Amino acid sequence: MDGADRPSIADPAPSAVGDQRREIDSIAQAHTGDLRRFLAAREVDPWEREEIVQESFLRLAAYPAVAALENPRAFLFRVAENLMRDRRRRARARRQDRHEPIEDHDLTDPRPEPDVVVQHREALARTRAAILALDEPMRTAFVMSRYREMSYAEIAAAMKISVKTVEKYVSAALAQLRRAVGSDRSGASLRGEDRQ
């Protein structure tokens with residue numbers, strides 16, 4: 001008989017392995033329900049509860065002498081409690097409690113479509129060019145009114161002209177800009193209440 005056929009001294013005898021399995025089966029039958037209830041009372045999710053129960057029995061099976069345990073139930077519950085604590089500690093480290101399902105969020109992009117952005121930029125460029133093409137006093141009165149939000153009285157004082165002349169300049173500027181830019185949506189920068 002060569003060395004490969006001889007059982008190793010470290011290997012347990014086949015009858016010892018069978019006895020160990022029977023002992024673990026007996027413990028499982030006696031305590032699985034209690035172990036599940038123990039974990040449920042500690043608010044462990046059902047799917048995680050089953051994983052902890054299975055892992056607890058795997059650790060019990062890995063114990064070299066199950067029959068020699070004074071209180072296998074206490075051993076099993078201690079293993080389950082340690083596994084539960086380890087999982088919770090890892091979950092906190094990964095902040096799993098702060099994860100939210102993607103379905104709970106609206107993932108649509110709030111920005112306008114690229115073609116709308118291009119249209120707005122073109123309209124803005126047309127409006128700017130039309131404003132720059134206005135005669136100097138008309139352009140100054142218009143810019144002070146619409147962009148600096150000054151009243152007609154403030155503009156008149158700044159330009160050293162009458163309020164009536166400011167009204168005439170702003171009115172003429174608006175008419176000229178509407179013709180140059182058109183009555184489309186690009187006239188948005190021309191709108192606003194008169195600041196008299």
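Scan the range 151-158 and give yes if some residue there is among the aromatic types (F, W, Y), touching a helix residue (DSSP H, G or I) at 6+ places or on another chain (Cβ under 9 Å), open to solvent by less than 30 Å² (accessible area, probe 1.4 Å) and in contact (Cβ under 8 Å) with a residue 40 or more places away in the chain, otherwise no.
Looking through the range 151-158, at least one residue is among the aromatic types (F, W, Y), touching a helix residue (DSSP H, G or I) at 6+ places or on another chain (Cβ under 9 Å), open to solvent by less than 30 Å² (accessible area, probe 1.4 Å) and in contact (Cβ under 8 Å) with a residue 40 or more places away in the chain.
Quick one: in the range 45-64, of everything that is touching a Phe, Trp or Tyr at 6+ places or on another chain (Cβ under 9 Å) and surrounded by 18 or more Cβ atoms within 10 Å (Cβ to Cβ), which residue is modelled with the highest pLDDT?
S56
Considering the range 119-139 alone, what residues qualify as being open to solvent by less than 40 Å² (accessible area, probe 1.4 Å) and assigned to a helix (DSSP H, G or I)?
Passing the criteria: A123, T127, A130, I131, M138.
Would you please name the residue that is farthest from W47 (Cα to Cα), looking only at residues in the range 77-109 that are among the aliphatic types (A, V, I, L, M) and at pLDDT 90 or above?
V79
Answer with yes or no whether T127 is touching a Gly at 6+ places or on another chain (Cβ under 8 Å) and of a type in the set (S, T, N, Q).
The answer is yes for T127.
Output the residues belonging to the range 65-76 that are surrounded by 15 or more Cβ atoms within 10 Å (Cβ to Cβ) and modelled with pLDDT of 85 or more.
Result: P72, F75, L76.
Yes/no matrix, rows are residues, columns are (1) of a type in the set (S, T, N, Q); (2) on the phi > 0 side of the Ramachandran plot; (3) in contact (Cβ under 8 Å) with a residue 24 or more places away in the chain:
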residue: R49; (1), (2), (3): no, no, no
residue: S56; (1), (2), (3): yes, no, yes
residue: L60; (1), (2), (3): no, no, yes
residue: P72; (1), (2), (3): no, no, yes
residue: A80; (1), (2), (3): no, no, yes
residue: E113; (1), (2), (3): no, no, no
residue: R126; (1), (2), (3): no, no, yes
residue: A130; (1), (2), (3): no, no, yes
residue: M144; (1), (2), (3): no, no, no
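The values are calculated or read from the model by the stated rules, or taken from the named source; none is laboratory data. In this text the structure is predicted, and so the values were computed from the model without any measurement. Heads up, the Cβs are rebuilt from the backbone with ideal geometry, glycines too, and the neighbour counts pull from every protein chain shown. The accessibility values were calculated without ligands, DNA or RNA, using every heavy atom of the protein model including side chains. Shrake-Rupley method; radii C 1.70, N 1.55, O 1.52, S 1.80 Å.
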